[in-house]
Amino acid sequence: MAEYLTEEQQKKIFKEYGGSENNTGSVEGQIALFTHRIKGLSEHLKENNKDHSCRRSLLKMVGKRKKLLRYLAKKDIQKYRDLIEKLGIRK
């Protein structure tokens, strides 16, 4: 199934996007973490298109990320624009 993240990989993501590796509650870090997990599940579903439980998990994660992105856009539009450009999640 999807690749699980080690603690070091998670700390690296939070350090890059959240400001500090201990700042796991930052919106930017959470969005980056969801994006990484979504990419992994998408790759899994390309090969295993009948894995419905994985598809449901993917859709739930996409919804959570969407809510966080909406919150960030309301809170600080410039951070939102920088983050989506850095992650490459909007075309």
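Aliphatic (A, V, I, L, M), assigned to a helix (DSSP H, G or I) and either farther than 18 Å from residue 5 by Cβ or open to solvent by 70 Å² or more (accessible area, probe 1.4 Å) (or both): which single residue out of 33, 59, 41, 68 fits that description? So the residue among 33, 59, 41, 68 that is aliphatic (A, V, I, L, M), assigned to a helix (DSSP H, G or I) and either farther than 18 Å from residue 5 by Cβ or open to solvent by 70 Å² or more (accessible area, probe 1.4 Å) (or both) is 59.
I'm trying to understand the selection: among the residues of region 15-30, which are among the β-branched types (Val, Ile, Thr) and surrounded by fewer than 16 Cβ atoms within 10 Å (Cβ to Cβ)?
Just the residues of region 15-30 that are among the β-branched types (Val, Ile, Thr), to begin with: 24, 27.
24 - this is the single residue of region 15-30 that is among the β-branched types (Val, Ile, Thr) and surrounded by fewer than 16 Cβ atoms within 10 Å (Cβ to Cβ).
Examine region 37-46 for a residue that is touching a residue at least 24 places away in the same chain (Cβ under 8 Å) and under 17 Å from residue 90 (Cα atoms), and state whether such a residue exists. Don't jump to the end; show me each part of the working.
The first filter runs over region 37-46 and keeps only residues touching a residue at least 24 places away in the same chain (Cβ under 8 Å), leaving 37-38, 40-41, 43-44.
Retained after the next criterion (residues that are under 17 Å from residue 90 (Cα atoms)): 37-38.
Taking every residue of region 37-46 in turn, at least one turns out to be touching a residue at least 24 places away in the same chain (Cβ under 8 Å) and under 17 Å from residue 90 (Cα atoms).
Any chance region 2-14 includes a residue that's open to solvent by 100 Å² or more (accessible area, probe 1.4 Å), assigned to a loop (DSSP other than H, G, I, E, B) and among the polar types (S, T, N, Q)? No, region 2-14 has no match at all.
The values are calculated or read from the model by the stated rules, or taken from the named source; none is laboratory data. In this text, all values refer to a predicted model and were calculated from it rather than measured experimentally. When we count neighbours, we look across all protein chains shown, and the Cβ atoms used for this are built from the backbone with ideal geometry, even at glycine. Surface areas here come from the heavy atoms of the whole protein model, side chains and all, with no ligands, DNA or RNA. Shrake-Rupley method; radii C 1.70, N 1.55, O 1.52, S 1.80 Å.
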